[in-house]
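No lab work stands behind these numbers, since they all come straight from the coordinates. This structure is a prediction, so every number in the text was calculated from the model and none was measured. FYI the Cβ positions are ideal-geometry reconstructions off the backbone, even for glycines, and counts take in every protein chain you see.
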Amino acid sequence: MAEVFRLEQVSKTYKNDGKEFEALRNVSLTIEEGEVFGIIGMSGAGKSTLVRTLNRLEEVSGGKVEFFGQDLATLKPREIRRVRQQIAMIFQSFNLVGQRTVLSNVMQPLRIAGIPGAQRKEKALEMLRIVGLEEKQNEYPARLSGGQRQRVAIARALAADPKVLLCDEATSALDPKMTGEILDLLSEINRTRKLTIVIITHEMSVVEKICDKVAIIDNGELAEAGSVKEIFQNPKSEAARKLVFPSNPFDPSGKQSRLIRLVFDGLSANTPFIAQLVEQTGKKVNILSANTKSVGGIGYGQMVVELPDKKEDQEQIISFFRKGGISVQEVEKP
Ligand code: ADP
């Protein structure tokens, strides 16, 4: 698989009125062709800064960014314009031109690319068909819902056949239903057009729903990166754990008790293993928190349980879970 972006030790320091602020520190990651890649972090973590380095809207202060093997810092203005034509972007605020119709908005990048009139219209209509809004071609953006406006922005972004689509908090202004529809549409476009998609978000639910890989940015640094499945099953960094388990729901009954986290994957998610535990061993556990998620269409689940006080009961229960293919991890008590 070709590497679309390679970031090596990227740093960014903003300088304002003599004050310096380091927004990114030594971030290294690669994004491959055809992936849906999530960049997640809290507000102020540096996500937007990071994404702006991908098309050189922001110059890096250290390290380098490569796009299909070319170091962006070495490109001439004309070459940078060509790169930017291959990297489309959509935003939280849609950024449509209010005085132009839907069709005219979608034709805009084709006008810039110098495509002749008739061809422009044909291409723009094709894009509107893809996003399901052909019948709105003569409307103005103000008369559309937020979800429809974002569809128009997606049609416009796709019109010039980019290699990559960058989505900066593209669903943050939408309600959950519209968010779901836009994410489904992006997922379908990724599949059918083999378009690489980079999604910047502060919401783990967005990453869970459509991303293959994810990078977690915490305070300007890369906390962790990898497949969404791996990070959900075994978050290593503190920042990843906070995103996967947002609250601390533990409330153990006894001071001496031992807590374990059970992590099960798609195969065992639907098995009633707590009932089987009681049936087969006669032992019980106290469920303190349970959480199942669907990642890329496969169910994953986590459960934190409190074990009984007796050591041999604990061992028997743990071995029952392990035999059933469930991963068991010790949990520190709050
Ligand atoms: P995020 O997208 O994760 O919310 P940003 O990349 O927008 O984070 O910002 C990261 C940090 O860099 C923030 O503390 C922000 O205030 C700071 N920052 C962003 N842009 C500038 C700028 N042009 N000048 C100075 N500081 C900036």
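Numbers at a glance
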{"read-out": "Theoretical FRET efficiency, 1/(1+(r/R0)^6), r = Cβ-Cβ of Glu238 and Glu79, R0 41 Å, to 0.05", "value": "0.50"}
{"read-out": "For the chain: relative contact order, % (alpha-carbon pairs under 8 angstrom, 6 or more apart)", "value": "17"}
{"read-out": "Fraction of antiparallel bridges per DSSP, the chain only, in percent to nearest 5", "value": "70"}
{"read-out": "Full-extension gain in nm, Glu188 to Gln70, via 0.36 nm per residue minus C-alpha separation", "value": "39.6 nm"}
{"read-out": "Karplus-derived HN-Hα couplings along the range 115-131 (A = 6.51, B = -1.76, C = 1.60, θ = phi - 60°), whole Hz, x at Gly and Pro", "value": "6, x, x, 5, 5, 4, 5, 4, 5, 5, 5, 4, 5, 5, 5, 4, 8"}
{"read-out": "Sparse-neighbourhood loop sites, trypsin sites (Lys or Arg not before Pro) in the range 118-223 - DSSP loop, at most 15 other Cβ within 10 angstrom", "value": "Lys194"}
{"read-out": "Shape parameters for the range 83-175, alpha-carbon atoms, Rg then Dmax in Å", "value": "12.2, 38"}
{"read-out": "Placed amide H near Val198: partners under 5 Å, 5+ positions off or other chain", "value": "Phe37, Leu165, Leu166, Cys167"}
{"read-out": "The chain: angle of helix 311-323 to the longest principal axis, Cα-based, in degrees nearest 10", "value": "40"}
{"read-out": "Per-residue HN-Hα couplings for the range 168-180 [Karplus 6.51, -1.76, 1.60; θ = phi - 60°; Hz; x = Gly/Pro]", "value": "9, 6, 5, 10, 5, 9, 10, 6, x, 5, 5, 4, x"}
{"read-out": "Expected 222 nm ellipticity per residue - DSSP helices of 4 or more, -39500 (n - 2.57), all of the chain, to 500", "value": "-10500 deg cm²/dmol"}
{"read-out": "Hz values of 3J(HN,Hα) by residue in the range 184-197 - Karplus curve (6.51, -1.76, 1.60), Gly and Pro given as x", "value": "4, 5, 4, 4, 5, 5, 4, 5, 7, 9, 6, 7, 6, 10"}
{"read-out": "log10 of Debye I(q)/I(0), alpha-carbon scatterers only, for the range 60-112 at 0.15, 0.21, 0.27, 0.31 Å⁻¹", "value": "-0.61, -0.88, -1.09, -1.24"}
{"read-out": "Along the chain, longest interval not containing exposed chymotrypsin sites (Phe, Trp or Tyr not before Pro), exposed being DSSP loop plus at most 16 other Cβ atoms within 10 Å", "value": "69-249"}
{"read-out": "Cα-based Rg of the chain normalised by 2.2 N^0.38 Å, two decimals", "value": "1.19"}
{"read-out": "Antiparallel content of DSSP bridges confined to the range 79-228, in %, to 5", "value": "40"}
